[in-house]
Structures are given as structure tokens and as C-alpha cells.
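Structure first, commentary second.
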Amino acid sequence: MSNEAILTSDQRYTIFKYGKYVIRFKAPYSLEKYTQIKEWNHGYLVVMAKYSHNEQDEEEYIDLVPILESLYLDADDFLKPIEKVRILYD
């Protein structure tokens, strides 16, 4: 398994993919796309995002730990092998 995860979005959802897992969660209504990963720290992401109401990208924060816990996944075990997250759009 690769040590790289994927972050993307699709209309109203943020999508985080790693291994066999595809985790979708509600995104802000005006999100157009993620443009840059600034920081990855064991489940905490600092990203730049493009929103429809602003011409410039905005800094956004995503904490995956509570999302993983609500899915009954062991966050530490799930996140431990992930070394990098990249943005991917088709």
C-alpha cells in the first residue's frame, strides 16, 4: 500500500481516499476545489481552497480524527502509515 492519500471534492463533498477507503464528508456549500496542501500532520490538514464567493484561494482546515472516530475507525492506526496527501482531480 502506498503511503500517499488523495484529497479531492465533488460538488458538495470532500473526499479523502487512502488504500481501500473512500471517506466522504460534507464540504462548505461554496467550495469549488482544493488547490494546495500546505500541511499534513497525522490527520490534520491545512489546505488552500477556491470558493465561489472569493476570487482568491482561502486557507482551510480539515481535522480527520473526529470523522474517522465517528466511522468507528481507529484514527491512529488508519493515519499512521500516511506520509503525504496530494490533491487529485480527474
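The values are calculated or read from the model by the stated rules, or taken from the named source; none is laboratory data. Source: prediction; values computed, not measured. Please note: Cβ atoms are built from the backbone with ideal geometry, for glycine as well, and neighbour counts cover all protein chains shown.
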Pick from region 23-62, criterion in contact with a helix residue (DSSP H, G or I) (Cβ under 7 Å, 6 or more places away or on another chain) and of a type outside the set (A, V, I, L, M, F, W, C), ranking: nearest to LEU73 (Cα to Cα)
GLY43
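Checking the structure you have, find out if any residue of region 62-81 is farther than 19 Å from LYS33 by Cα, surrounded by 14 or more Cβ atoms within 10 Å (Cβ to Cβ) and in contact (Cβ under 8 Å) with a residue 60 or more places away in the chain.
yes
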Of the residues GLU55, GLU4, GLU39, which is in contact (Cβ under 8 Å) with a residue 40 or more places away in the chain and among the charged types (D, E, K, R)?
GLU4
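Need at least 3 residues that are within 10 Å of the chain's Cα centre (by Cα) and not acidic (Asp, Glu) per element, so show me which strands (runs of 3 or more DSSP E) inside region 4-77 make the cut, counting only ones lying wholly within it.
Numbers: elements: 4-10, 13-18, 21-26, 31-41, 44-51, 58-63.
Fully inside region 4-77 and qualifying: 4-10, 13-18, 21-26, 31-41, 44-51.
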Going by the conditions given, is SER2 closer than 14 Å to VAL85 by Cβ and at pLDDT below 95?
yes
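Given the criterion touching a Leu at 6+ places or on another chain (Cβ under 9 Å) and of a type outside the set (S, T, N, Q), identify the matching residue among LYS33, LYS20, LYS38, LYS80. So that I can check it myself, show each step before the final result.
Details: LYS33 fails: touching a Leu at 6+ places or on another chain (Cβ under 9 Å); LYS20 fails: touching a Leu at 6+ places or on another chain (Cβ under 9 Å); LYS80 fails: touching a Leu at 6+ places or on another chain (Cβ under 9 Å).
The match here is LYS38.
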